[in-house]
Amino acid sequence: MNLQHHATILRVEDTNTFNISVFSLPVEYQLMRLTHFGINDARELIKKSYQRPIKEKRQLLVVITGFITLEAQNALLKVLEEPPHSTLFLFVVPKDFSILPTLASRFHITALLPKDATQSSDKTFETFLKLVPSMRLVAIEEAIKKEDHIWQQSIKQGLIRYLSVAKPTPYFSLLEYSARTLLTRGASNKMLLEQVALTLPIS
């Protein structure tokens with residue numbers, strides 16, 4: 001793996017079975033493998049990032065996790081914007097995990113998944129974007145009723161990508177708030193998706 005950027009996100013099919021040793025990494029690394037990456041883990045990672053490596057000029061901090069809390073993502077913003085010169089970061093997360101747009105902008109994002117999976121997700125959101133609000137609400141209702149989590153995740157991922165490139169509008173902050181909240185476990189998908197449906201401009 002060629003780590004030219006100071007911070008990289010690698011999206012994989014399954015973080016539980018992912019083996020970092022299959023890659024030829026350019027520096028020695030420290031590994032944190034966690035099911036749930038929370039605020040205390042973020043603080044520990046930040047502390048490690050400012051510790052100078054003993055044997056080499058640079059160190060690589062690797063985090064393999066299935067979920068990063070919203071609080072932890074916000075805590076990482078500063079260190080990833082102005083990282084120590086001696087530290088590289090690699091986060092390995094599930095392919096469908098949503099990252100805050102403000103945090104994602106600080107990463108080089110790559111993926112180990114078939115191209116058609118990403119294309120399918122993009123197409124789902126593009127279709128949703130072209131619908132009038134009333135039809136978007138119908139689509140959400142059907143997805144919730146059928147428990148179609150793949151469709152819901154495609155809309156979330158599409159919204160994140162949309163916000164990362166969209167020009168600011170009077171509704172941008174509301175959409176970003178919805179995206180942030182959708183990343184929080186326990187949030188009501190239906191209510192937030194309906195808010196997105198009524199706020200997104202028609203493509």
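We did not get these values from a lab; they are worked out from the coordinates using the rules stated. Given the structure is predicted, the values throughout are model-derived calculations rather than measurements. Positions of Cβ are generated from backbone atoms using ideal geometry, with glycine treated the same way; all protein chains shown enter the neighbour counts.
Tabulated data for the structure shown
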{"read-out": "Tilt relative to the chain, helix 115-130 - C-alpha long axis, 0 to 90 degrees, to 10", "value": "40 degrees"}
{"read-out": "Exposed trypsin sites (Lys or Arg not before Pro) absent - longest run of the chain, DSSP non-H/G/I/E/B, at most 13 other C-beta within 10 Å", "value": "58-145"}
{"read-out": "Built amide H within the under 5 Å cut-off of Ile9, gap 5+", "value": "Phe91, His108, Ile109, Thr110"}
{"read-out": "Taking all pairs of distinct alpha-carbon atoms in the range 7-111, Kirkwood radius in angstrom", "value": "13.9 Å"}
{"read-out": "Set of aspartates and glutamates near Lys95 by C-alpha distance (under 12 Å), chain-local residues within fewer than 8 positions excluded", "value": "Glu13, Asp14"}
{"read-out": "Residue order, fewest to most surrounding Cβ atoms within 10 angstrom, among Val63, Val12", "value": "Val12, Val63"}
{"read-out": "Amide proton proximity set for Arg33, modelled H, under 5 Å, gap of 5+", "value": "Ile64"}
{"read-out": "Integer Hz, Karplus 6.51/-1.76/1.60 couplings in order for the range 69-84, x for Gly and Pro", "value": "5, 4, 4, 5, 4, 5, 5, 7, 4, 5, 5, 7, 7, 10, x, x"}
{"read-out": "Dipole magnitude of the chain, debye to nearest 20 (Cβ charges: Lys/Arg +1, Asp/Glu -1, about Cα centre)", "value": "440 debye"}
{"read-out": "Once exposed loop GluC sites (Glu not before Pro) are cut out (DSSP; at most 16 other Cβ, 10 Å), longest piece of the chain", "value": "57-146"}
{"read-out": "The chain, Rg to Rh (Cα coordinates; Rh as Kirkwood inverse mean 1/r)", "value": "1.00"}
